[in-house]
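One structure below.
All of the numbers you see were taken from the coordinates with simple rules; none came from a lab. The structure presented is a predicted model; accordingly, all values stated were derived computationally and were not measured. Every residue, glycine as well, gets a Cβ built from its backbone with ideal geometry; the counts of neighbours run over all protein chains shown.
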Amino acid sequence: MNGIIGCSWPGNDELMLSYHNNEWGVPLHDDRKLFEYLVLDAFQAGLSWKIVLYKRENFRRAFDNFDAHKIAEYDEDRIQLLMQDTSIVRNQAKIRATVVNAKAFLLIQSEYGSFDKYIWQFTGGKSMINHPTGNGDIPSKSSESDAMSKELLSRGFKFVGSTICYAFMQAAGMVNDHVEGCPYK
C-alpha cells in the first residue's frame, strides 16, 4: 500500500505507514512499551514524530530497551555518555527527564500493580474512539490529556504536558483518531 485513504499524516514513508497501520491507535497494555511511548513522545516535543520514529531502534539500544529499572539507576556518567550518542536526540533536559520519569514510573507500578492499570484510568479503561473527518479535525490535546498531564506532573514526571500526553494516548491506543474512511479505524 503506497498511501492511506483517510489519514494522510504518514505520507508515503514506509516506516511511518507501518507505525500508522500497526501501532497508532491500537490499545496497548504492556508496561515496558507504555514507558517506551512515554519516553519517545517526550523526545518528540519540538520535533517531528518521523525524526523520533527513525531513531527508535537507537533509543531502544541507548536506553536499555526502555527498562525503567535500569534507567532509574542511571548516574551522571551514563547521562553524559547519552549526551555523546549521536544516534539519538541529544537533549540534556529530555535525557535527564527520562531518568526522573523512570523513577516516577516505578513508583506508580508499585502503587497500582502496573502502570497500565494507572494510566488507563484517564479514559475509563477503554479506548476513546473519535470521529475526525480529516487530519485537521484531530486535536492536539483534550480534557483527558489535561488531567493526565496534571496528575503525572504532580507525581514528579517531566515533559508530560497535555500535548505530549495526548500524543502518548494516541500511540497507546487510549484514543483512536484515525479519520473516517481510514481502513485502520
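Summary of computed values
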{"read-out": "Qualifying residue in region 58-76 (condition: more than 28 Å from residue 178 (Cβ to Cβ) and β-branched (Val, Ile, Thr))", "value": "yes"}
{"read-out": "Which numbered condition residue 131 misses (of (1) of a type outside the set (D, E, K, R); (2) farther than 23 Å from residue 45 by Cβ; (3) in contact with a helix residue (DSSP H, G or I) (Cβ under 7 Å, 6 or more places away or on another chain))", "value": "(3)"}
{"read-out": "Near pairs, Cβ below 8 angstrom, 6+ apart or cross-chain, from region 52-68 (touching a residue at least 40 places away in the same chain (Cβ under 8 Å)) to any residue that is hydrophobic (A, V, I, L, M, F, W, C)", "value": "68/35; 68/102; 68/105; 68/106"}
{"read-out": "Positions within region 139-160 being buried (at least 17 other Cβ atoms within 10 Å of the Cβ) and either of a type in the set (A, V, I, L, M) or farther than 16 Å from residue 123 by Cα (or both), in sequence order", "value": "148, 152, 157, 158, 159, 160"}
{"read-out": "Single residue of 119, 129 found to be among the β-branched types (Val, Ile, Thr) and under 19 Å from residue 31 (Cβ atoms)", "value": "119"}
{"read-out": "Test: residue in region 113-128 that is among the hydroxyl-bearing types (Ser, Thr, Tyr), touching a Pro at 6+ places or on another chain (Cβ under 7 Å) and either part of a loop (DSSP other than H, G, I, E, B) or under 22 Å from residue 42 (Cα atoms) (or both)", "value": "yes"}
{"read-out": "The lone exception for residue 115 - which of (1) buried (at least 18 other Cβ atoms within 10 Å of the Cβ); (2) more than 28 Å from residue 78 (Cα to Cα); (3) in contact with a helix residue (DSSP H, G or I) (Cβ under 7 Å, 6 or more places away or on another chain); (4) not polar (S, T, N, Q) it fails", "value": "(2)"}
